[in-house]
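Notes for the one structure printed next.
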Amino acid sequence: MCEACEDLIDPKETELDAVIARHVREKGALIPVLQKAQEIYGYLPAEVLKHVGRGLRIPLSKIYGVVTFYAQFRLMPMGRNVLRVCLGTACHVRGGAKVLETIEQELGVKDGGTTEDQRFTLEIVACIGACGLAPTMMINDEVHGRLTAENVTEILSKYE
Ligand code: FES
């Protein structure tokens, strides 16, 4: 194969084609293929959904129905930092809802949303296993505890 042709080959698309080929004859192939596509691309861009639809011969309207029904699928890319705010029992009892409200106001996004500048994706979780530090949140792999409406803003400012 010539060098110019190699440049035209998209390795992600090649990988997705292999996934589609593996599942094309299966009943219920759509969800596993979409899960794999999301693993490959990080989210599900419109072009990828069309490609999956063509490959599995499933109408695009049905695919959108599935990806908008299940919370696991993302139609937008993740932010550079994933912010998980805990609203488990311990965190809730110690003011987690107030902390969440401050974060939502500060970033202008709700659960599952990504800020316009792609700085944060916000997710609400049930427990991050640090109940002794409640209320808590995780930013990427770092746990932050004993949060208040005041200190949370300062913590957010440390992440670009
Ligand atoms: S309930 Fe929040 S860390 Fe466990």
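The values are calculated or read from the model by the stated rules, or taken from the named source; none is laboratory data. Model, not experiment: these values are computed from the prediction. Cβ atoms come from the backbone with ideal geometry, glycine included; neighbour counts cover every protein chain shown. Calculation scope for accessible area: heavy atoms of the full protein, side chains included, ligands and nucleic acids excluded. Shrake-Rupley method; radii C 1.70, N 1.55, O 1.52, S 1.80 Å.
Over the C-alpha atoms of the range 62-102, the Rg to Rh ratio, Rh being the Kirkwood estimate, stands at 1.16. Once the 1.4 Å probe is applied to the protein heavy atoms, the range 22-160 comes out at 57 Å² accessible per residue.
Across the chain, how large is the tail of the calculated P(r) beyond 21 Å, expressed as a percent of all Cα pairs?
Working: 7109 of 12720 pairs.
Of all Cα-Cα distances in the chain, 56 percent exceed 21 Å.
So if I place +1 on the C-beta of Lys and Arg and -1 on the C-beta of Asp and Glu, and nothing else carries charge, what would the dipole magnitude of the chain be about its Cα centre? I want it in debye, nearest 20. Working shown, then result.
Numbers: 18 positive and 22 negative charges, 174 e Å.
The calculated dipole for the chain is roughly 840 debye.
Count the DSSP beta bridges whose two residues both fall in the chain, then state the antiparallel fraction as a percent rounded to the nearest 5. Before the final figure, lay out each step's value.
Values: 7 of 13 bridges.
Percent antiparallel among DSSP bridges in the chain is about 55.
In the chain, helical runs assigned H by DSSP with n ≥ 4 each contribute -39500 (n - 2.57); averaged across all residues and rounded to the nearest 500, the mean residue ellipticity at 222 nm is -13500 deg cm²/dmol.
Which of the GluC sites (Glu not before Pro) found in the range 26-114 are in a DSSP loop and have at most 13 neighbouring Cβ atoms, other than their own, within 10 Å?
Values: sites: Glu26, Glu39, Glu47, Glu101, Glu104, Glu106; in loops: Glu26.
Qualifying residues, ordered by number: Glu26.
Using a cut-off of 30 Å between Cα atoms, the listed pairs Lys27/Lys50; Lys50/Lys158; Lys50/Lys98 include Lys50/Lys158; Lys50/Lys98 as exceeding that distance.
What translational D, rounded to a whole number of µm²/s, comes out for the range 81-156 from Stokes-Einstein when the hydrodynamic radius is the Kirkwood one over Cα pairs, at 20 °C and 1.002 mPa s? Don't skip to the end; give the middle numbers.
Numbers: Rh = 11.9 Å.
Rounded to a whole number, D works out at 180 µm²/s.
Each label was represented as a point 7 Å from its Cα along the Cα-to-Cβ direction; for Lys158 and Ala97 these points are 2.9 nm apart.
Farthest towards the positive end of the charge dipole of the chain, among the residues Thr148, Gln35, Ile58, is the Cα of Ile58, using unit charges on the Cβ of Lys, Arg, Asp and Glu.
What's the Cα-based Rg to Rh of the range 3-69, Rh via Kirkwood? Write down the numbers at each step before the final one.
Values: Rg = 12.2 Å, Rh = 12.3 Å.
Rounded to two decimals, Rg/Rh equals 0.99.
Label-to-label distance for Gln105 and Gln118 is 3.0 nm, based on points extended 7 Å past Cα in the beta-carbon direction.
Shown for the chain: the carbon plus sulfur share of the solvent-accessible area, taken with all protein chains present and a 1.4 angstrom probe, equals 53%.
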